[in-house]
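The values are calculated or read from the model by the stated rules, or taken from the named source; none is laboratory data. In this text, all values refer to a predicted model and were calculated from it rather than measured experimentally. FYI the Cβ positions are ideal-geometry reconstructions off the backbone, even for glycines, and counts take in every protein chain you see. Protein only, heavy atoms only, side chains kept; ligands, DNA and RNA dropped before computing areas. Shrake-Rupley method; radii C 1.70, N 1.55, O 1.52, S 1.80 Å.
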Amino acid sequence: MTGFFKNIPAITYQGTSATSEFAFRHYNPDEMLLGKRMEDHLRFAVAYWHSFAWPGGDPFGSQTFQRPWFGDSMDLSRLKADVAFEMFDILGQPFYCFHDADMRPEGDTFAESKRNLDEMVDYIATKQEAHKAKLLWGTSNLFSHRRWMSGAATNPDPDVYAYAAATVKANLDATMKLGGQNYVLWGGREGYETLLNTDLKAEREHAGRFLQQVVEYKYKIGFKGAILIEPKPQEPSKHQYDYDVATVYGFLKDFGLEGEVKTNIEQGHAILAGHSFEHEIALAASLGIFGSIDMNRNDYQSGWDTDQFPNNHAEKAVAFYEILKAGGFTTGGVNFDAKVRRQSLDPEDLILAHVGGMDTCARALKAAAALLESGEMEAAKADRYAGWKTPAAQAMLKGSLEEAAARVTAEGLEPQPRSGRQERLENLWNKYI
Ligand code: XUL
Ligand code: CO
């Protein structure tokens, strides 16, 4: 034991009358909802980067956290892994996620970075054997080091493309070795700052070919997990090529990958794209590319991707409703891509942030499951679209524009507007929240 979380007990479900802060009030892993355990619905994951690698900087100030594992040696990386698995044991969540850069020190050469990664993967594999937490997804950090400043696969320098290929290959191998269920590509630098220096067409084509190569490699090594793209409109790039779910779908179609690659949808990214989280989830599900979610919230005034822990269950319930309607997660899960604020210095803050986030999601899930089970919302929707069940309406979709037009005079159609009943349905939601 490292002692970092000393005196913090393992968190258990104690119900809404719990008196301790260190308890789940809603997250009850064994509770059955719609025929499935809550833990298996939510498939929570902790993000290695925010909790263990982020130093607490902001654009105006540097590190605020003083963690005993901060530094660039292999010994400190092992200490970081020890602390991480101690936190996973306290929370009891089934999964975690990592970037290469979170878990190993950067070497002076690619070979050294790769050696460090391989050693850490072996170390973490032994940790996984002794602890509950397993790998939900792995990914490559293709954005922090200065070599990535003009992009990874979209870099004007082909040598950087090669370096990105070597990096993703190493991390896909690492993810497979650790039994990861997905591999995520988030293209923070796969975009541009100004068209004055950018060949947009070439960059987009390179990004497409890169993704095809990743999928080809997945099959070569027999990786059974899903490949996921994580859309985001901007930040750090001014214009990102994977703006939102709709853009990603067009991109996948363009490169013949719509059956191969799904999405990891993040609440904060959806908001930055001018959408709601539930819109992005519903759209992905309808297009057959829903994979996993990154759970967090943004500050609604600042306009930044602030990656805060979710604390509003009513807001998340609408998102979980769409996830349940889509049939729930298969390889995906709920990854807390969320960090404590830079003033939240204490080990307790890290634990309680996750406890609150997990309870918020559990409460949201319970509301969503109850509403779905009642069938009330779906009945209202079915009623609204009932006209489309008639043979005449169905025939219209198979026929021509002129045949559809002919119905107006032949049947004397004069459509009568009907209420959309939005407020009644909002009231219905509130009954379950
Ligand atoms: C950045 C972001 C990343 C990805 C993984 O906004 O969400 O942390 O989730 O690279
Ligand atoms: Co994310």
With the first residue restricted to region 112-135 and required to be of a type in the set (Val, Ile, Thr), and the second required to be open to solvent by 60 Å² or more (accessible area, probe 1.4 Å), Cβ contacts under 8 Å at 6 or more apart or on different chains are Val121/Lys177
Restricting attention to helices (runs of 4 or more DSSP H) lying wholly within region 73-137, give those where 3 or more residues are among the hydroxyl-bearing types (Ser, Thr, Tyr) and closer than 24 Å to Lys169 by Cβ.
-> 110-130
Quick one: would you say Phe143 is part of a helix (DSSP H, G or I), open to solvent by 10 Å² or more (accessible area, probe 1.4 Å) and within 16 Å of ligand 1 (Cβ to nearest atom)?
-> no
Might you check whether a residue that is away from ligand 1 (no atom under 13 Å from the Cβ) and more than 26 Å from Leu372 (Cα to Cα) occurs anywhere in region 304-320?
-> no
Among Ala282, Ala207, the single one that is small (Gly, Ala, Ser) and over 29 Å from Gly356 (Cα atoms) is Ala207
Looking at Phe52, is it over 16 Å from Asp359 (Cβ atoms) and either assigned by TED's automatic domain parsing to the domain that holds Asn264 or not in a loop (DSSP other than H, G, I, E, B) (or both)?
-> yes
Out of His206, His269, which single residue is assigned by TED's automatic domain parsing to the domain that holds Trp137, part of a helix (DSSP H, G or I) and over 21 Å from the mean Cα position of the chain (by Cα)?
-> His206
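Within region 276-298, restricting attention to residues that are open to solvent by 20 Å² or more (accessible area, probe 1.4 Å) and within 16 Å of ligand 2 (Cβ to nearest atom), which residue is nearest to Glu235 (Cα to Cα)?
Applying the filter and picking the extreme gives Arg297.
Suppose the filter is touching a residue at least 24 places away in the same chain (Cβ under 8 Å), in the same structural domain as Val340 (by TED's automatic domain parsing) and under 22 Å from the mean Cα position of the chain (by Cα); does Gly57 pass it?
Values: touching a residue at least 24 places away in the same chain (Cβ under 8 Å): yes; in the same structural domain as Val340 (by TED's automatic domain parsing): yes; under 22 Å from the mean Cα position of the chain (by Cα): no.
So Gly57 fails the test.
Results for (1) in contact (Cβ under 8 Å) with a residue 60 or more places away in the chain; (2) over 25 Å from the mean Cα position of the chain (by Cα); (3) open to solvent by less than 70 Å² (accessible area, probe 1.4 Å), shown as yes or no for each residue.
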site: Pro9; (1), (2), (3): yes, yes, yes
site: Tyr27; (1), (2), (3): yes, no, yes
site: Met74; (1), (2), (3): no, yes, yes
site: Cys97; (1), (2), (3): yes, no, yes
site: Arg104; (1), (2), (3): no, no, yes
site: Asp108; (1), (2), (3): no, yes, no
Scan of region 216-275 for residues that are surrounded by fewer than 16 Cβ atoms within 10 Å (Cβ to Cβ), more than 15 Å from ligand 1 (Cβ to nearest atom) and basic (Lys, Arg), ordered by number = Lys220, Lys224, Lys253
Taking Pro68, is it open to solvent by 20 Å² or more (accessible area, probe 1.4 Å) and part of a loop (DSSP other than H, G, I, E, B)?
-> yes
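Quick grid of which residues meet (1) within 16 Å of ligand 1 (Cβ to nearest atom); (2) more than 22 Å from Ile8 (Cα to Cα):
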| residue | (1), (2) |
| --- | --- |
| Ser51 | yes, no |
| Met74 | no, yes |
| Ala81 | no, no |
| Met87 | no, no |
| Pro105 | no, yes |
| Asp108 | no, yes |
Name the one entry in Ala362, Ala338 that is within 16 Å of ligand 1 (Cβ to nearest atom), under 21 Å from Ala133 (Cβ atoms), open to solvent by less than 10 Å² (accessible area, probe 1.4 Å) and small (Gly, Ala, Ser).
-> Ala338
Selection from region 163-185 of residues that are away from ligand 2 (no atom under 16 Å from the Cβ), among the small types (Gly, Ala, Ser) and either open to solvent by 60 Å² or more (accessible area, probe 1.4 Å) or within 22 Å of Glu266 (Cβ to Cβ) (or both) | Ala164
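Can you say whether Tyr13 is under 24 Å from Ala367 (Cα atoms), at pLDDT 95 or above and not hydrophobic (A, V, I, L, M, F, W, C), as far as the supplied structure shows?
yes
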